[in-house]
Amino acid sequence: MIGLLVILLLVLLLPFLAKKVEENLEVFLFVMGGLAAVSGHVLDRALLEKALKDPISITAAVLAAGLLFKWLRKPLEKGIYRLQTGMPFRLFIALVVVISGLLSSVITAIIAALILVLVVSVLPLDRQSEVRLVILACFSIGLGASLTPIGEPLSTIAISKLGGDFFYLLRLIGPEVLGAVLLLGILAMMVVHPAADQASLRDRRTEESYEEIAMRTVKIYLFVMGLTLLGAGFEPLINQYLLQVDTGVLYWMNMVSAILDNATLTAAEISPSMDEPAVKAILLGLLISGGMLVPGNIPNIISAGKLGITSKEWAKFGLPVGLAIMLLCFMVLTFL
């Protein structure tokens, strides 16, 4: 167990302390996942097959979207620009966050993140506002994608384990998720501003090469594979120390979802024998904390990698926002 705790600390700290790690975060998490699987004594043929298979659909979606955006970049940019100039800037920013979250449950979190990157690359934002908008939208995407089983793996696993229908999670956590998505949109209106000197903005609309698309696709494959290995490696630790913890405490302990795969945590923690308030608390804790740090969600990785957002930049804004939303949600779950 000591080895797993060391790996956990490395995953948490090294992206902030070592620039090389930050620049190659997907590869780093893949290596850490392999080490966690070995340390947790769970590395076998079945796990390797699962780790090789899990990233295929996600990677295919990333590759297809990357190619489509390359081929259709100019008309898409013109359309986004017309929409942005046709309404008040703050309203447009709020709609980007809210619609990203709502659509992610239908088009998947990955496609929503790729569209977000395209939108942000067109907007006249300074660096601080760009980072804030991306983080708030990724929080929204991570939350919204949970409402249907096609949005993200967490929701698929939760519905499978609980025997729910297609709209089960929408009924269970829909009000809290939709309220949080709306709150994120309002927050974006307040903290995201157009650049004062648009002439000095860097050109973010350079065309992506096929080599860059291929490299990002490979990195996403390694990242998802690493998450599968990381989650499996930590499962013995979760089973031994987390499953007997009070639901309220587990809600806060699930902040490890900021660096671990929330789908794996869902598979380990959710049980059909739990009552709905307990399931709701566990899921919301996992979903909210997934936006706090870059490794917490695949949309975070995609957006941060494409727009060059560092782990420190993400944590500086993502951690306080995530903690505030978790506290507000905890109060709602406890007192209402």
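The values are calculated or read from the model by the stated rules, or taken from the named source; none is laboratory data. This structure is a prediction, so every number in the text was calculated from the model and none was measured. For neighbour counting, all protein chains shown are included, and Cβ atoms are generated from backbone atoms with ideal geometry for every residue, glycine included. Just so you know, the surface numbers come from the protein's heavy atoms only, side chains and all, with ligands and any DNA or RNA stripped out. Shrake-Rupley method; radii C 1.70, N 1.55, O 1.52, S 1.80 Å.
Tabulated results
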item: Selection from the range 130-177 of residues that are under 27 Å from PRO320 (Cα atoms) and of a type in the set (Ser, Thr, Tyr); result: SER140, SER146, SER155
item: Criterion violated by LEU123 - all others in (1) surrounded by fewer than 18 Cβ atoms within 10 Å (Cβ to Cβ); (2) at pLDDT below 90 satisfied; result: (1)
item: So LEU133, is it assigned to a helix (DSSP H, G or I), free of Cβ contacts under 8 Å to residues at least 60 places away in the same chain and of a type outside the set (Phe, Trp, Tyr); result: yes
item: Search result, residues across the range 65-93 that are β-branched (Val, Ile, Thr) and either surrounded by 15 or more Cβ atoms within 10 Å (Cβ to Cβ) or touching a residue at least 40 places away in the same chain (Cβ under 8 Å) (or both); result: ILE80, ILE93
item: Filter result for LEU4 (more than 22 Å from the chain's Cα centre (by Cα), surrounded by 14 or more Cβ atoms within 10 Å (Cβ to Cβ) and within 25 Å of LEU319 (Cα to Cα)); result: yes
item: Test: residue in the range 320-333 that is open to solvent by less than 10 Å² (accessible area, probe 1.4 Å), touching a residue at least 40 places away in the same chain (Cβ under 8 Å) and β-branched (Val, Ile, Thr); result: no
item: ILE150, sole failed condition from (1) open to solvent by 10 Å² or more (accessible area, probe 1.4 Å); (2) touching a Ser or Thr at 6+ places or on another chain (Cβ under 7 Å); (3) under 24 Å from VAL218 (Cβ atoms); result: (3)
item: Selection status of TRP314, in contact (Cβ under 8 Å) with a residue 24 or more places away in the chain and surrounded by fewer than 18 Cβ atoms within 10 Å (Cβ to Cβ); result: no
item: Residues that are hydrophobic (A, V, I, L, M, F, W, C) and either in a helix (DSSP H, G or I) or open to solvent by 60 Å² or more (accessible area, probe 1.4 Å) (or both), drawn from the range 8-27; result: LEU8, LEU9, LEU10, VAL11, LEU12, LEU13, LEU14, PHE16, LEU17, VAL21, LEU25, VAL27
item: Residue satisfying all of: in the range 126-144; over 24 Å from ILE213 (Cα atoms) and open to solvent by less than 10 Å² (accessible area, probe 1.4 Å); nearest to the chain's Cα centre (by Cα) among these; result: PHE139
item: Some residue of the range 267-277 being more than 23 Å from VAL131 (Cα to Cα) and modelled with pLDDT of 85 or more; result: yes
item: Residue among VAL97, VAL106, VAL62 that alone is surrounded by 14 or more Cβ atoms within 10 Å (Cβ to Cβ), among the β-branched types (Val, Ile, Thr) and at pLDDT 90 or above; result: VAL97
item: Among (1) within 17 Å of SER140 (Cα to Cα); (2) open to solvent by 10 Å² or more (accessible area, probe 1.4 Å); (3) at pLDDT 90 or above - the single one LEU286 does not satisfy; result: (2)
item: Residue satisfying condition, being touching a Lys or Arg at 6+ places or on another chain (Cβ under 6 Å) and hydrophobic (A, V, I, L, M, F, W, C), within set PHE317, PHE234, PHE335, PHE330; result: PHE317
